Amino acid sequence: MRILLTGRTGQVGAELVSALAPIGDVLALDRNALDLTDAAAIRRVVREARPGIIVNAAAYTAVDRAESEPELAMAINGAAPGVPAAEALRVNALLVHYSTSSPNTHCNPVTFFHTHRRTARCRPLQRTPRSALR
Ligand SMILES: NC(=O)c1ccc[n+]([C@@H]2O[C@H](COP(=O)([O-])OP(=O)(O)OC[C@H]3O[C@@H](n4cnc5c(N)ncnc54)[C@H](OP(=O)(O)O)[C@@H]3O)[C@@H](O)[C@H]2O)c1
């Protein structure tokens, strides 16, 4: 089974490259190979790879900069996860999305950082039946 992994250069993604290897053929992409702000590129990569599992470990994690880069933060954490979610539905793949480690703030955000995390978690990802939030 092919596993499409985003965020391979991150803390989580780097661990997942080896952790997922026993499960399947891991196609691990960095930002140069797939920029999550490019929805057309996400669709193209998923449609070409036809993965059985999509693991999204890429994220905007610069908490301190999120207030000064709201568009970028929202594009990566709020809007982008909806694209692989829709593509997972389309190719009947399982979607695993890594989100923030503070779940209590997801749907009642107190900071802008948690507002855009909520956008992904509380909308498109919840409509994807074969999905897991970590
Ligand atoms: N680390 C933990 O213990 C932990 C615990 C719970 C949940 N999480 C969640 O897991 C996710 C990843 O966390 P992390 O600690 O691995 O973060 P990280 O080390 O900051 O890694 C973030 C990854 O996202 C990539 N990325 C950022 N913007 C991108 C874009 N526009 N297109 C494609 N890739 C992009 C980065 O690529 P570049 O290297 O090019 O910047 C990097 O590979 C986050 O959602 C985080 O909240 C992490």
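Each value in this text was obtained by applying a stated rule to the coordinates, not by laboratory testing. Remember, predicted model here, so these are calculated numbers, not experimental data.
Along the stretch 53-68 the Karplus relation, 6.51 cos²θ - 1.76 cosθ + 1.60 evaluated at θ = phi - 60°, assigns HN-Hα couplings of 9, 10, 10, 9, 9, 8, 6, 7, 10, 7, 3, 5, 8, 4, 5, 9 Hz to successive residues, with x for each Gly and Pro. Remark on VAL55: its backbone amide H falls under 5 Å from those of LEU4, LEU5, THR6, VAL96, a criterion applied only to residues 5 or more positions apart or on other chains, H modelled at 1.01 Å from N. In order along the stretch 24-41, the phi-based Karplus estimate (6.51 cos²θ - 1.76 cosθ + 1.60, θ = phi - 60°) of 3J(HN,Hα) comes to x, 8, 8, 9, 9, 10, 9, 4, 5, 7, 8, 8, 5, 7, 9, 4, 5, 5 Hz; Gly and Pro are listed as x. Close amide H partners of ASP25, meaning residues 5 or more places away or on another chain with modelled amide H under 5 Å apart, are ARG2, ILE3.
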